[in-house]
Amino acid sequence: MLSQPLLTVHETAQTLKVKDSTVRSWIRNHKLRAIKFGREWRVAVVDLEKFLNDNANRAQA
């Protein structure tokens, strides 16, 4: 089963210190993968980590 819990939009926003609407925008624009349960979106921790890695600045050597 799931080894890590699913985060709500609000929990995801709190973790990243952004507004809920920002997280919803990322989901709507397919930048952040999420799963819809009824009327609520959930974000898997692994998908949040991938989102952060994909959007991290890269140091140039």
Point to revise | Selection from region 43-61 of residues that are outside any helix (DSSP H, G or I), surrounded by fewer than 15 Cβ atoms within 10 Å (Cβ to Cβ) and of a type in the set (A, V, I, L, M, F, W, C) | key: A56, A59, A61
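Table: residues versus (1) among the aliphatic types (A, V, I, L, M); (2) modelled with pLDDT under 95.
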| residue | (1), (2) |
| --- | --- |
| L2 | yes, yes |
| H10 | no, no |
| W26 | no, no |
| F37 | no, yes |
| D47 | no, no |
| N55 | no, yes |
Check your understanding: Is it the case that F51 is in contact with a strand residue (DSSP E or B) (Cβ under 9 Å, 6 or more places away or on another chain), without any contact (Cβ under 8 Å) to a residue 24 or more places away in the chain and not aliphatic (A, V, I, L, M)?
Key -> no
**Study point:** Identity of the residue in region 3-42, in a strand (DSSP E or B) and among the basic types (K, R), that ends up surrounded by the fewest Cβ atoms within 10 Å (Cβ to Cβ)
**Key:** K36
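The values are calculated or read from the model by the stated rules, or taken from the named source; none is laboratory data. Owing to the predicted nature of the structure, the values given are computational and were not obtained by experimental measurement. We place every Cβ from the backbone using ideal geometry, glycine too, and count neighbours over all the protein chains shown.
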